Amino acid sequence: MRRAKRVPLSPLLKRYKYYFDLLKKTTDEYLFLADLTSGMVMVSPNLVQDFDLPGEVMHGLVEQWAELIHPEERGQFEAAMRSVKQTEGIYDYTAEHRVRTRKGEYVWLRVRGQVGTDLEGRPNLFAGMMSRMAKRNQADEVTGLLNKYQFEHGVKVALANYRATQEGGAILVFGLDNFKIVNETYNRSMGDRVLKHVARLVEQLLPPLLPLYKLDGDEFAIIYPGAKQEDIAKLFASIQQCLARPQELEGHQYFCTASAGTVFYPQAGKDYLVLHKHAEAAMDLAKRDGKNRNCLFSKDQYNRWVRSIAMRDSIWDSVEKGCVGFSLFFQPQVDAATQRLIGAEALLRWQSPKGRMVAPMEFIPILEETKLIIPVGKWIFEQALLICKKWREIVPDFRVSVNMSYEQVKDLSFKEFVGACLRRYNMPPESVILELTESKIVADWSFVNQQFDLFRQQGIAIAMDDFGTGYSSLASLKNLSCDIVKIDREFVKKILETDFDKRLVKYVVSLCHSIGIHCCIEGVEQEAEYELLTKECHADTIQGYYFGHPESVENFEAKFLAPIKAGQTGKEN
Ligand code: C2E
Ligand code: MG
Ligand code: MG
């Protein structure tokens, strides 16, 4: 900028110059003091230096400053300056805008100013300071993408545009699934390179002029003005497809799919914080629903999410208090041929502090996610073993089946705990069966088999649970070394109507038998199902409502053990 001649101060500024000079020495912030009547402004020397202004005292600063402001925020600034001049009374001004420096780059400034009035109440003075928002000026350090502050700004601009043009749009936030594994398997530096790689891959998929933003951790975001559901579906499908296979990076492989949450504005919210919160919640639901998907925000789902967060806190509390609120129910298992009671599956129940019985499908995922399943799993095992000991007095070969999550398999201390418990209570290892409940997420079969072999060497049987559901299939049967396969109700519920399903169960049982694996059929509800499964399919054991629902310890004893004690056996009793 051209240097201006030294300008004499207006009387008002002269009056305050002494204080202004004192203040300048006490701070690194940029200071300004404007005489609204004469249009003369006095600024601190750092402002002159950094923004190449003509001098510390000048006329027409507002116009010059407006030119330096980023076009996206210029309109707001000009409107605010008009209000400053027209105000009647005290006016508190705050704003954030990008301003071009002497070097030609934009930096973010936070501005705070106050308008003062003369004795007649006319605005005569505008004083304030501006500070650099250092963090905001940086792009994301790892990926070089626009960072979360720019995202916040971008959302605000999109909302302002909506107010001006009535054109809404979408905000999609996505995180990388299992990114933690990359950091754990390699190191953080490889993790950073993966983020950078994903950033480049996804950037290429975006429509022209749509920037990709990098939020915290492994999260990214896209603001898509004018987008409809189908645009978002198309965009997410392309991201999904691009990340569908393991990626090669510097001689290493990584494999991270993406889970996304999408909000449409203004429907899902009219301010940045609300929209961001809702998008994050939708993404969290996408992760919980099995990852590698996009979840569109809805109020109902959001309420469900809020409930689950509250439940997480209560569950944490229950565990900390020594598993209060948790209890075990037991469901009988019978020998298929003789209908004799041979064992029971221990099924966890949780009663919320408000007294509601919560279904395992709701709280087990929370226990797994928080890894609380590790302490709770030990509690379950010990309780189940104690009950089994008691019931063996009536049925000497009684076996208790205990469910085990993958998290527990990974926790090496569980194996020690199981061994120690059996010794402490003087129980034979064949009194327990451990069921692996979620073979879906097993990433490393050889590790799991190694762990299972250690249990099996101790004489503890391993069962693969839920065979026939989406995740547990013939492939896992081939991979997993186990003693028992539990065929899920999904597989048997149509067995009476569909010949194909009947044959399938029959062949799976016969395949298992040929390699020495026993089959327990779950979810048997009717006599006809039982007959078919036993006579035609040759199941070994049966568990299902036909023989008994899961029951509390007292009810189980009354319904299933008391008759045996009294000398009666079999279903007909
Ligand atoms: P699962 O291990 O496959 O347990 C069998 C589920 O099927 C039980 O549901 C049981 O009530 C239900 N069921 C049994 N017979 C029938 C029937 O004839 N018809 C129908 N419709 N359903 C039947 P529940 O108790 O709700 O447990 C659901 C799942 O929660 C369990 O499936 C298991 O994956 C998990 N779970 C339960 N307790 C534990 C536990 O202690 N630890 C772990 N890790 N998971 C558990
Ligand atoms: Mg089970
Ligand atoms: Mg099952």
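Any read-out appearing in this document is the output of simple, stated calculations on the displayed coordinates, not a laboratory observation. Just so you know, these numbers come straight off a predicted model, no measurement behind them. As a convention, Cβ positions derive from the backbone with ideal geometry for all residues, glycine included, and neighbour counts pool all protein chains shown.
Side notes on the structure shown:
- Computed over the alpha-carbon atoms, region 183-247 gives an Rg to Rh ratio of 1.01, Rh here being the Kirkwood radius from the mean inverse distance.
- Converting phi to 3J(HN,Hα) with the Karplus coefficients 6.51, -1.76 and 1.60 and the offset θ = phi - 60°, region 152-161 yields 4, 5, x, 5, 5, 5, 4, 5, 5, 5 Hz in sequence order, with x at every glycine or proline.
- Ordering A227, V157, C482 by the projection of their Cα atoms onto the charge dipole of the chain, which places +1 on the Cβ of Lys and Arg and -1 on the Cβ of Asp and Glu, puts V157 at the extreme positive end.
- Across region 170-184, rounded Karplus estimates of 3J(HN,Hα) from the backbone phi angles (6.51 cos²θ - 1.76 cosθ + 1.60, θ = phi - 60°) give 10, 10, 10, 10, 9, x, 8, 6, 6, 4, 3, 5, 4, 4, 6 Hz, Gly and Pro being marked x.
- Set of lysines with alpha-carbon distance to K559 below 28 Å, sequence-local pairs under 8 removed: K378, K389, K390, K486, K493, K535, K571
- Loop-located trypsin sites (Lys or Arg not before Pro) in region 351-432 whose Cβ has at most 15 other Cβ within 10 Å (DSSP): K354, R356, K371
- Solution diffusion estimate, µm²/s, Stokes-Einstein, region 132-239, Kirkwood Rh from C-alpha pairs, 4 °C, viscosity 1.567 mPa s: 87 µm²/s
- Two-decimal Rg to Rh for region 326-423 - Kirkwood Rh, Cα set: 1.00
- Sparse-neighbourhood loop sites, GluC sites (Glu not before Pro) in region 58-134 - DSSP loop, at most 12 other Cβ within 10 angstrom: E88, E105, E120
- Aspartates and glutamates whose Cα lies under 14 Å from that of K565, excluding same-chain neighbours fewer than 8 positions away: E393, E557
- Each listed q (0.13, 0.27 Å⁻¹) maps to a log10 I(q)/I(0) for region 218-284, found by the Debye formula over equal Cα scatterers with no solvent: -0.45, -1.27.
- Each 20 Å bin from zero holds the following percent of Cα-Cα pairs in the chain: 16, 35, 26, 14, 8, 0.
- Compared with the dominant Cα axis of the chain, that is its longest principal axis, helix 499-514 is turned about 70°.
- Relative to the longest principal axis of the Cα atoms of the chain, helix 373-391 runs at roughly 20 degrees.
- Theoretical ellipticity at 222 nm over the chain - DSSP helices of four or more residues, -39500 (n - 2.57) apiece, nearest 500: -12500 deg cm²/dmol
- In Hz, Karplus ³J(HN,Hα) per residue of region 521-535 (6.51, -1.76, 1.60; θ = phi - 60°; x = Gly, Pro): 9, 9, x, 7, 10, 10, 4, 4, 5, 4, 4, 5, 5, 7, 6
- Acute angle (nearest 10 degrees) that the helix 360-369 long axis makes with the longest principal axis of the chain, alpha-carbon atoms: 60 degrees
- Rounded to whole Å, the principal axis extents of the Cα atoms in region 453-573 read 44, 42, 23, largest first.
- Tail weight of P(r) past 23 Å, computed on alpha-carbon pairs of region 37-137, percent: 24 percent
- Under 16 Å from K85, Cα to Cα: lysines that are on another chain or at least 8 residues apart: none
- Tensor-based shape of region 341-490 (alpha-carbon gyration tensor, a/c under 1.5 rounded, otherwise prolate or oblate): rounded
- The residue among L145, A336, V553 whose Cα reaches farthest toward the positive pole of the charge dipole of the chain, with charges on the beta-carbon of Lys, Arg, Asp and Glu, is L145.
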